[in-house]
Amino acid sequence: MKSWVIDWQTANIRERKILYRYTRDQKRKLHIGWLGVFQTALTTAVGNDYENNFRKGKISGERAAEIFQWIAGQSQTIADQIEDEILRAREKDDENVEQSATSWNELLQQQGRFENIEVYRHTPELNIVRFANPEPLSDLRLRLTDEFHSEVTLEAPGTLGVLQGYKSDWYLLPILRNGHVLKITTAGKITIPERDKDGGIDPLSEDEDEGKHRFVFLWSAENNIFLPWHKWPFDRPILRRQLDEFARNLFFSPNADWLIYRCNLLIGKS
C-alpha cells in the first residue's frame, strides 16, 4: 500500500476544503449523492448537515483521512493531485508574504474557477455558454447593445457579489435594482441580474466598449467580507489599491468560506 504524505490529523481548514472539492468532483463522476459518499467512506454515521460542515473544512482529521483513503482506493492519481495541491499551498505559505497572492490579479489567477456559470443572450432563442477551459473565451459573440443575463450555480446559501472587468479596470455590477450584493437563501441556479417578483429579468447590455469583458462572481458564506464593497464607487472604476487590499484580506483568511467563479465574454460591433 502506498504511503501518503499528508497527516490529516494536523491538516488545517483550508486543506480540508481542498479535500472537499476533490470529493465533490469524485461524487459527480460516480453519480452518487453525499449520503452515498459518507456511507461508503466513513466507519461511523454522520448527521444530515455533515456536507455543509465538510464544505467549510470543519470535519475531524479521522474522518478526513477516511474520505481521502476512499478516494485513493478509486484513483491514486486523484489522491496524488490532492496531496500535490496541499503541498504546493504549504510551500506558498512558507514563502515571503510579498511573493504570495497580494494583488487582485493574483487572487483571480490562483483562486478563480471557470465553472458553474451559464450566459444567455436575452432573446426568445436563448443561447447558452458554459465555461470549462483553463482561460476560456466564450464561443458566443455578443454585439454592442445585445441584452444578456447569466446564471451561476451555487452549492450553498450565502452572499453573492459580481464585478465586471474591462481592460485594466474593474467595476461593481448592479445585480440588484438597488444594490450590488445579493443574499442567497437556497442553493441552486441564481439568475444575474436578480429576477423581479413576477419572474422577469432586467437584462444587462454593453453599449459602448467592445472587446473582452471579464466577470467575477464572488460567493461567501458570510456577508462581512463584502463590507469594503459598500465604500467602492458604483459609477467609475474601483481603485487598484482598494482591489489589492481586498484581495490580500481575502487570501490571508483561510478560515473564511468563499469561492470565486469567472467567465469571459467577447462583445463586438457585429
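If you go through segment 9-59 one residue at a time, how many are among the β-branched types (V, I, T) and either closer than 18 Å to S220 by Cα or assigned to a helix (DSSP H, G or I) (or both)?
Of the residues in that region, 5 qualify.
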Six or more apart or on different chains, Cβ atoms under 7 Å: show the pairs whose first residue is in segment 10-23 and over 20 Å from Q74 (Cβ atoms) and whose second is open to solvent by 10 Å² or more (accessible area, probe 1.4 Å) and outside any helix (DSSP H, G or I).
N12/P254; I13/K58; I13/P254; I13/N255; R14/P254
Quick check on my filter: what residues within segment 192-239 are part of a strand (DSSP E or B), open to solvent by 30 Å² or more (accessible area, probe 1.4 Å) and modelled with pLDDT of 75 or more?
K212, R214
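Could you list, in sequence order, all residues of segment 144-166 that are modelled with pLDDT under 80, closer than 12 Å to T191 by Cβ and either open to solvent by 40 Å² or more (accessible area, probe 1.4 Å) or among the polar types (S, T, N, Q) (or both)?
S150
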Return yes or no: is G57 touching a helix residue (DSSP H, G or I) at 6+ places or on another chain (Cβ under 8 Å), under 18 Å from L154 (Cα atoms) and without any contact (Cβ under 8 Å) to a residue 12 or more places away in the chain?
no
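Being modelled with pLDDT of 55 or more, open to solvent by 10 Å² or more (accessible area, probe 1.4 Å) and more than 18 Å from the chain's Cα centre (by Cα) is true for just one of D169, D139. Which residue is that?
D169
Being open to solvent by 60 Å² or more (accessible area, probe 1.4 Å), free of Cβ contacts under 8 Å to residues at least 24 places away in the same chain and either over 16 Å from A156 (Cβ atoms) or more than 22 Å from the chain's Cα centre (by Cα) (or both) is the filter here, so list the residues in segment 33-54 that pass it.
L35, Q39, T43, T44, A45, N48
The values are calculated or read from the model by the stated rules, or taken from the named source; none is laboratory data. None of the values given here were measured: they were computed from a predicted structure. Here the Cβ is made from the backbone with ideal geometry for all residues, glycine too, and neighbour counts use every protein chain on show. Side chains are part of the model used for accessible areas, which takes the heavy atoms of the whole protein and leaves out ligands, DNA and RNA. Shrake-Rupley method; radii C 1.70, N 1.55, O 1.52, S 1.80 Å.
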